[in-house]
1. Would you be able to say whether some residue in segment A:276-291 is within 14 Å of chain B (Cβ to nearest Cβ), at negative phi, out of contact with any Leu (no Cβ under 8 Å at 6 or more places or on another chain) and aromatic (Phe, Trp, Tyr)?
2. Taking only segment A:421-439 into account, find how many residues are within 13 Å of another protein chain (Cβ to nearest Cβ), over 46 Å from the mean Cα position of the chain (by Cα) and either crowded, with 20+ Cβ neighbours inside 10 Å or farther than 15 Å from B:Gly156 by Cβ (or both).
3. Provide a single number: the residues in segment A:392-420 that are polar (S, T, N, Q), more than 10 Å from chain B (Cβ to nearest Cβ) and in contact (Cβ under 8 Å) with a residue 12 or more places away in the chain.
4. Out of the helices (runs of 4 or more DSSP H) lying entirely within segment A:284-369, which hold 1 or more residues that are under 27 Å from A:Thr106 (Cβ atoms)?
5. For segment B:129-164, which residues satisfy the criterion of being of a type in the set (Lys, Arg) and at the interface with another protein chain (Cβ under 9 Å from one of its Cβ atoms)?
6. Please determine whether any residue of segment A:440-463 is more than 9 Å from chain B (Cβ to nearest Cβ), in contact with a Cys (Cβ under 9 Å, 6 or more places away or on another chain) and assigned to a helix (DSSP H, G or I).
7. When the residues of segment A:440-452 are narrowed to those that are without any contact (Cβ under 8 Å) to a residue 24 or more places away in the chain and within 46 Å of the chain's Cα centre (by Cα), which ends up surrounded by the fewest Cβ atoms within 10 Å (Cβ to Cβ)?
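The values are calculated or read from the model by the stated rules, or taken from the named source; none is laboratory data. Because the structure is a prediction, the values reported are computed rather than measured. Methodologically, a virtual Cβ is constructed for each residue, glycine included, from the backbone with ideal geometry; neighbour enumeration extends over all protein chains shown.
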Amino acid sequence: MVDKNSRKSTRNKKSAEEQPEQPQLPKRLTRSAAKKLEESKNKAPQPNEDIEMVVDNQDVEMSQADEVEDEVKKASEADALVLADLKQNFLLLERAVATIESRFTTRVLRTTASIRKRLNVDILVQAIKEAFPRDSADKSRLLSYLSKESGIMEIDPDENARDPASILPEIDLYLHLLVLIFLLDKQEYDKGILLANETIIKIKNTNRRTLDQLSARIYFYYSRVYELTRSLSEIRPILLAAQRTATLRHDDDSQATLINLLLRNYFHYNLYDQADKLVSKATFPETAGNNQQARYMYYLGRIKAIQLDYTLSHTHLLQAIRKAPQNTVTAGFQQAVYKLSIIVQLLMGEIPERSIFRQPVLRKPLIPYLHIVQAVRIGDLANFQETLAKYGNIFRSDKTYTLILRLRHNVIKTGIRMISLSYSRISLRDICLKLHLDSEEDAEYIVAKAIRDGVIDATLDHEKGFMKSKENVDIYSTNEPQIAFHQRISFCLNLHNDSVKAMRFPLNAHRKELASAEALRERERELAQEIAEGEMDEDDDVTDF
Amino acid sequence: MSDNLEQTLQLYAILKKEFESPQPDLQKCGFYLAKLKISLSQMSLLLPEGEIPSPKELLIAREILEIGAYWSVRVKDIPSFERYIAQLHTYYSDYSSSLPPSPQMYPLIGLNLLRLLSQNRIAEFHTALENIEPEQLLENVYIKHPVHLEQCLMEGSYNKVWNSRAEVPAKEYLFFIDILMGTIRNEIASCSEKAYSSLPLADAATLLFFSGLQEVLNFASERGWSVNPTEKKIYFTTKDDNKVEIPSNSIIQHSLNYARELEQIV
């Protein structure tokens with residue numbers, strides 16, 4: 001028999017929407033259907049005839065109601081868990097303010113990712129009600145953003161709830177952040193824009209160091225919500241002003257985030273020269289988190305690639321890959337960076353390793369790039385053009401199309417190199433045929449340029465119309481090995497220096513050491529004294545002799 | 001303000017007539033342009049910011065700037081052309097929503113690209129290329145021309161560049177292509193030095209796109225090639241590759257660096 005009390009309690013609970021993440025039961029009853037079932041069972045007395053059928057029915061219905069109940073229970077338990085997490089975060093924020101340690105705020109922000117998936121309206125409403133003082137204007141505004149979703153909005157005079165006299169700005173902004181993220185996830189972009197604007201105004205007015213990390217996150221979502229509504233250019237002046245303020249206040253996190261947001265803004269509209277100017281004028285703070293640094297390196301790499309500075313671009317992109325966390329969460333970022341770094345490597349004249357393409361996260365998106373690499377490696381121009389036409393749309397959406405167009409020259413270069421390595425002497429006509437060039441004159445000019453650029457080692461004979469390769473030089477007698485070694489050595493040394501700089505010690509640990517050191521010294525002194533006295537005694541004894 | 005506009009409109013009408021006449025007096029055009037620029041800046045249209053003026057004013061300002069750009073090409077004043085293009089850039093990108101597209105936009109953008117190419121500013125060339133939509137890159141004849149040229153330059157097929165002289169989409173392009181020719185002539189010369197051990201004079205003339213032997217001889221003496229008149233050949237001075245110098249400076253610096261870093265390892 002199903003417990004009637006438990007059923008009543010399910011009815012009295014606040015009407016919670018069904019969680020979208022709850023596991024799908026094979027026979028899910030909607031809320032109203034379940035209610036109807038309960039009411040029908042409570043009201044109508046079961047007739048005694050067909051009792052077996054009815055009992056069977058009841059059993060089936062009851063098991064269904066059981067499942068619904070279980071679901072609701074699970075939902076409420078999950079809710080309670082998330083609420084507990086939020087309260088924990090509030091406590092951490094308070095501690096952060098009390099001790100002015102940024103570690104706690106970092107911890108709070110780290111949990112945001114997992115909380116985000118489990119948020120729903122009721123949790124937020126509950127949290128807001130408990131955190132804010134009774135009649136705060138902010139509270140009612142925040143609740144109004146959520147009010148469309150929840151069913152019944154009662155001003156619950158809940159006596160058990162904590163009623164703080166005032167709310168810490170940190171907690172206030174943290175709740176704003178959560179509501180903003182929630183609206184983003186629900187794709188309510190217009191409300192998101194309004195809320196974001198209000199939050200930004202609030203941030204500008206307060207100047208507390210403990211708010212730095214929170215305000216950096218809020219700027220990020222502010223820009224994101226504008227990006228999703230395609231009105232990015234509107235916020236550019238605001239971001240620029242905010243970046244200036246952040247630099248003045250030495251707010252590293254906000255500074256880094258804002259520079260990255262501005263660069264993203266410029267890239268969205270293809271304004272690369274403005275992005276370049278920003279990079280040259282604004283210094284990126286060294287102490288910003290690794291995530292922001294990884295993004296910054298990627299943007300830098302892109303700018304340099306467009307300006308034909310491929311070596312520098314490649315260095316930046318490699319650093320970006322290393323600084324980003326290497327798990328599946330950052331899959332999108334890794335894909336973007338790897339795509340760009342493959343093209344840049346090709347433009348530098350190196351062939352990227354095959355192992356890159358085999359990584360599980362990257363395998364599918366990198367397939368078009370694998371084909372391009374193959375075409376360039378063989379030096380076949382026709383193949384290259386074909387691949388380009390086939391995957392052209394993908395490249396355009398990745399914004400690497402213009403870079404790949406530049407690869408045409410590389411294909412020809414590789415082709416010429418292959419030919420010069422394989423033939424000791426070959427007529428220009430044959431070169432022209434092999435490389436699918438347009439005419440012999442073309443071939444002559446191209447080969448001459450290749451010789452000048454140092455791609456191949458050969459001489460041309462104009463009258464007889466052929467190219468003659470020189471003998472191969474032993475590479476170990478040149479400077480090549482030294483250059484390669486130097487690259488690796490400097491990379492290792494840089495890595496070492498960076499790791500040393502990144503070491504962190506707890507703040508007051510050295511004081512503890514000092515105390516223990518003093519105690520040690522005391523003991524040593526005593527020991528020394530005893531030994532000294534002991535010796536003197538012995539001496540006395542000796543002298544007595 | 002409004003009579004300023006009236007004056008500007010009048011001046012603009014005179015300028016347009018003068019410029020489009022078959023034998024424009026470029027001096028007078030220059031004079032008008034200077035006056036127009038002053039009046040434009042008085043109406044704060046030269047560098048528009050703040051409130052958006054009426055579309056008609058914007059249109060007039062844009063057309064004046066376009067005529068200015070073409071005029072500077074005719075008088076062969078490259079810095080002034082650069083300035084006009086920079087000013088036009090705001091009109092093309094930021095106000096593209098409020099103004100109808102200008103028919104001169106793509107020719108002028110193409111001209112700008114060509115100018116960057118001829119001055120060998122390839123990085124800026126590519127940055128400017130990014131601003132153009134991808135379809136225009138392949139379709140628009142004004143843009144296709146510099147893009148194609150750049151590819152040929154990168155590959156080194158200079159004869160294509162020479163042939164493109166015949167296919168310019170607009171006659172203003174010829175001016176920049178001539179400058180480009182000078183640049184590539186130097187390029188071809190340096191390529192030939194490395195690639196050939198000797199070259200007959202007649203072939204050198206064709207390679208370097210010279211029309212007469214005398215020009216070849218002048219050029220050869222400029223570059224320091226030795227000409228053998230009896231055989232009619234040019235011999236290029238080959239460098240001695242056998243001696244490989246030890247870059248002592250860099251090796252010393254590297255080694256000192258390594259030593260310092262190693263010592264710092266605790």
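1. Taking every residue of segment A:276-291 in turn, none turns out to be within 14 Å of chain B (Cβ to nearest Cβ), at negative phi, out of contact with any Leu (no Cβ under 8 Å at 6 or more places or on another chain) and aromatic (Phe, Trp, Tyr).
2. Here the count works out to 2.
3. Total meeting the criteria: 3.
4. A:290-306, A:310-323, A:331-348
5. B:Lys160
6. For segment A:440-463, residues more than 9 Å from chain B (Cβ to nearest Cβ), in contact with a Cys (Cβ under 9 Å, 6 or more places away or on another chain) and assigned to a helix (DSSP H, G or I): present.
7. A:Arg452
Conditions (1) touching a strand residue (DSSP E or B) at 6+ places or on another chain (Cβ under 6 Å); (2) surrounded by fewer than 16 Cβ atoms within 10 Å (Cβ to Cβ); (3) among the aromatic types (Phe, Trp, Tyr); (4) without any contact (Cβ under 8 Å) to a residue 60 or more places away in the chain, marked per residue:
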site	(1), (2), (3), (4)
B:His145	no, no, no, yes
B:Leu149	no, no, no, yes
B:Cys152	no, no, no, yes
B:Lys160	no, no, no, yes
B:Ser164	no, no, no, yes
B:Lys171	no, yes, no, yes
B:Phe175	no, no, yes, no
B:Ile188	no, no, no, yes
B:Lys194	no, no, no, yes
